[in-house]
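Presented below is the structure to which this report refers.
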Amino acid sequence: MPKLRSGRTGSGNLRLFGVAHTVAITCLVLAFLVGGTQGLVIAALLGVLEVAVSFDNAIVNATVLARMAPFWQRIFYTVGILVAAIGMRLLVPLAIVCVGARLGPLSALRLAYEDPNRYHQLLVSAQPAIAAFGGAFLLMIFLGFVFEERDEVWISWIEKPLRRLGKLPRIGEMVVLAFAIVAAATVPSAAAFKVTVGAIAGLLCYMTVDSAGQMIAREADADGASRPRMTVAGRAAFFLFCYLELLDATFSFDSVMGAFSVTLNLSLITIGLAIGAAYIRALTVYVVRKGTLEEYRYLEHGAYYAIGMLALLLMVQVWRDVPDVLTASAGGMLIVAAVASSLRARKRQERAQLEADARAPGADVHIVAEGIPFVPRSGKNQHDHPAA
């Protein structure tokens, strides 16, 4: 298992992204063996698309990964790549087809290679239920963030009302159940049951994860979110690792569906998306090691707003298709907006600090009153002040 070093140095960055480069080269060789030059080009294209679509996922993952000890960060980056490539982008879609078509795992795998069009159709038919699951799960994560009392507020006209609303008991669960009822009453009857089950399953999944987290926090006598950075280890870190993989699965399904518009070859889809997953994981660890979350005060807010936006778009997909470009770009635009707001806030803070230093007792400041300049009696420190 490669040893990751701090992203604060050039050699550390090379070591960090070197793993992603190795995965990419290996995958491209496999793609060439599977489909020749055309397979190589398709895998490379899918890798680029995965990075573009999942950029906001890296920032979201970083908000969780920052709590974990360095050992578990390495697990996320090494073992996690295999889980993301094989588990989340191959086995999860297969499991969906197994449930939707009532097929065994081997039959579903055989269908994917022998009749990829039928396999894709089964995935598309399951899209409303998947969207309901992902929308409910991600909405609960977003509401859990905005309902919590925090020192920093990014968009006050959104966060402050939601924070007051969050004081109502079980309001998040009621919102998801209301969505499930409305969806069941308005979607075609053939999809009503699946959508309802999907939404309730997403809610139950979140409640299970949240309950397990609270139990582990009580045993550790500290909440993972409030502990110092890079300190969560043991069972708590394993729980966060599983949570990250579940979050990744929710984010990645759109890229899996979009990959079928490029090719129907399941092997090339898995290989290409694995390339993108490796670079996204490298970027996630880099953001944590670089201290980017601390450097940009609203970046964490932007990540959770991206989760909330994706939740809303997934819920809309229960009724109608949402353009892939909108799903891919919405989260990224929120991340960019959060970075821009952080930079503006930093500049305001720096100006305020300079003004406070200038007004501090003993500061060499020229004061003008009634047109008569006032010069301090002692000029021994004047050469230390920029204005002197």
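No value in this document is a laboratory result; all are computed from the given coordinates. The model shown is predicted, which means the values in this text are computed figures rather than measured ones. Every residue, glycine among them, receives a Cβ derived from its backbone with ideal geometry; neighbour counts consider all protein chains shown.
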In sequence order, calculated HN-Hα J values of the range 132-148 (Karplus, 6.51, -1.76, 1.60; Hz; x Gly/Pro): 5, 4, x, x, 5, 5, 5, 4, 5, 5, 4, 5, x, 6, 6, 6, 7
query: In nanometres, what is the gap between the two model label sites at Val124 and Ala345, each 7 Å from Cα along Cα-to-Cβ?
result: 4.4 nm
task: Please work out how much length the chain gains when fully extended from Arg163 to Ala52, using 0.36 nm per residue of separation minus the C-alpha to C-alpha distance, in nm with one decimal.
output: 36.7 nm
- request: Return a whole-number percent for the relative contact order of the range 10-317, with Cα pairs under 8 Å and 6 or more residues apart as the contact set.
  value: 43 percent
- prompt: Between Ala360 and Glu173, how many nm apart are label points set 7 Å from Cα along the C-beta direction?
  reply: 5.3 nm
message: When the expected Rg is taken as 2.2 N^0.38 Å, what fraction or multiple of it is the alpha-carbon Rg of the range 10-317?
response: 1.02
- request: Would you kindly state how much longer the chain becomes between Val316 and Leu264 on full extension, computed as 0.36 nm times their sequence separation minus their alpha carbon distance, in nm to one decimal?
  value: 16.1 nm
message: Per 0.36 nm of contour for each residue apart, how much would the distance between Leu33 and Ile181 grow if the chain were fully extended, relative to their Cα-Cα spacing?
response: 48.4 nm
